[in-house]
Amino acid sequence: MGKLRTALIVAILLALTAWIAAPAEASGLPTIWATVNSKGVSVYKVRPRTIDLAEAYGGTLTLTWSSWTKSAAKGSGDAVASGMGATTTLNVNVHASRVQHGKFTRLTVTTTASNGAPDVEKLHLTANGWIT
């Protein structure tokens, strides 16, 4: 009886470990384009901490995701863009949508302009990354 109980406990622990360590993609959640690796290959992730955009679209987004479902994701954070000797950091809100083939293909980035008005950039995913 002792060996059976030990085997059962080991099986349960292994199952729990696999369940806890399972990647988010296994849960059926869509991914989003985050960056291009050193080999030039696009990297897609669930809830990436950063998304690299062209400087014209906000630079690097550093995000915390408040929700991530099978149809949409929302988050907020900072956009850091550098150019012409200056670095600008803005607060951003992001909304990912339009899932195709398990990937979000739309990203709306909203910042607040110095006059208080919202500045909205709607980006579309292509094979080369995000474009307007």
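Only the coordinates and a few stated rules stand behind these numbers; no lab work does. None of these values were measured; they are calculated from a predicted model. Ideal geometry is used to build each Cβ from the backbone, glycine not excepted, and the neighbour counts take in all protein chains shown.
Where strands (runs of 3 or more DSSP E) fall wholly inside the range 74-132, the ranges with 3 or more residues that are surrounded by fewer than 16 Cβ atoms within 10 Å (Cβ to Cβ) are 86-100, 103-112, 118-126. If you go through the range 82-109 and keep only what is more than 18 Å from T50 (Cβ to Cβ) and of a type in the set (S, T, N, Q), you end up with S97, Q100, T105.
Could you tell me whether any residue of the range 41-54 is part of a strand (DSSP E or B), closer than 26 Å to A117 by Cβ and polar (S, T, N, Q)? Looking through the range 41-54, none of the residues is part of a strand (DSSP E or B), closer than 26 Å to A117 by Cβ and polar (S, T, N, Q). Residues that are closer than 12 Å to S76 by Cα and touching a residue at least 40 places away in the same chain (Cβ under 8 Å) within the range 95-132 comprise A96, V109, T111, listed in sequence order.
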